[in-house]
Amino acid sequence: GLAASAMWALLPVVAKAEFGSAAGYGVLLGCVGAGSVAGATVMPRLRERYGPDGVAWRGAAGIALMVASLAVSRYFVVSCVAMLGAGIAWLNVMSQFNIAAQATPPAPLRARALAMYLLVFQGALAAGAGLWGAVASQWGAAAALLAAAALLAASAGAARLWWPLPKA
């Protein structure tokens, strides 16, 4: 959540600075949405092939690549493709996390566990937005996005090695 929030927090900044309009932001956000729909169609096959853990770390690595692409892209079409890929990856990662959060706790504690999961995740998004906004203010949006992409890539690698998701 913390590193991935850079994409959500800085997408309007990148759209305005690089492409000059709110319409550009709308199109980029629409590409994330279209990617999410596409991601839903391939998710069952990905989950069957790689398992929940494999889908999650590959998706996190994919988000890292798409965020880095957004940081360096100066072409609207390239940014649209990156956001399409980010939507596919985001949906797959979040679905695996949501499944794990629902399937892991015992039934009597499930509602409390989901509440805590959502609280922590949404809090990390909010804190990350502030963090990446501050980094962007100091060093620019591209630098903030690249730093977030590096953190995402490192966390994907760490998750693959040390924090597997439960089989649900």
Problem set entry | Per-region count, segment 60-79, residues open to solvent by less than 60 Å² (accessible area, probe 1.4 Å), part of a helix (DSSP H, G or I), within 17 Å of Cys31 (Cα to Cα) and touching a residue at least 40 places away in the same chain (Cβ under 8 Å) | 8
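Residues checked against (1) small (Gly, Ala, Ser); (2) free of Cβ contacts under 8 Å to residues at least 24 places away in the same chain:
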residue	(1), (2)
Gln102	no, no
Ala107	yes, yes
Val120	no, no
Gly133	yes, no
Exercise. Which ones in segment 19-53 are touching a residue at least 60 places away in the same chain (Cβ under 8 Å) and either surrounded by fewer than 17 Cβ atoms within 10 Å (Cβ to Cβ) or under 21 Å from Ala153 (Cβ atoms) (or both)?
Worked result: Gly51, Pro52, Asp53
Problem set entry | Single residue of segment 1-18 satisfying the filter (within 15 Å of the chain's Cα centre (by Cα) and of a type outside the set (A, V, I, L, M)) that is most open to solvent (accessible area, probe 1.4 Å) | Trp8
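Results for (1) open to solvent by 50 Å² or more (accessible area, probe 1.4 Å); (2) in a helix (DSSP H, G or I); (3) at pLDDT below 95; (4) among the aliphatic types (A, V, I, L, M), shown as yes or no for each residue.
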| position | (1), (2), (3), (4) |
| --- | --- |
| Val81 | yes, yes, no, yes |
| Ile88 | yes, yes, no, yes |
| Ser95 | no, yes, yes, no |
| Arg110 | yes, yes, yes, no |
| Tyr117 | no, yes, yes, no |
| Ala124 | no, yes, yes, yes |
| Gly133 | no, yes, no, no |
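Within segment 97-108, can you find the residues that are open to solvent by less than 80 Å² (accessible area, probe 1.4 Å) and polar (S, T, N, Q)?
First pass over segment 97-108, keeping only residues open to solvent by less than 80 Å² (accessible area, probe 1.4 Å): 97-101, 103, 105-107.
Answer for segment 97-108, where residues must be open to solvent by less than 80 Å² (accessible area, probe 1.4 Å) and polar (S, T, N, Q): just Asn98.
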Exercise. Somewhere in segment 7-18, is a residue in a helix (DSSP H, G or I) and either touching a His at 6+ places or on another chain (Cβ under 8 Å) or within 23 Å of Arg160 (Cα to Cα) (or both)?
Worked result: yes
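The values are calculated or read from the model by the stated rules, or taken from the named source; none is laboratory data. These numbers were taken from a predicted model, which means no experiment stands behind them. As a convention, Cβ positions derive from the backbone with ideal geometry for all residues, glycine included, and neighbour counts pool all protein chains shown. For accessibility, only protein heavy atoms count, side chains too; no ligands or nucleic acids. Shrake-Rupley method; radii C 1.70, N 1.55, O 1.52, S 1.80 Å.
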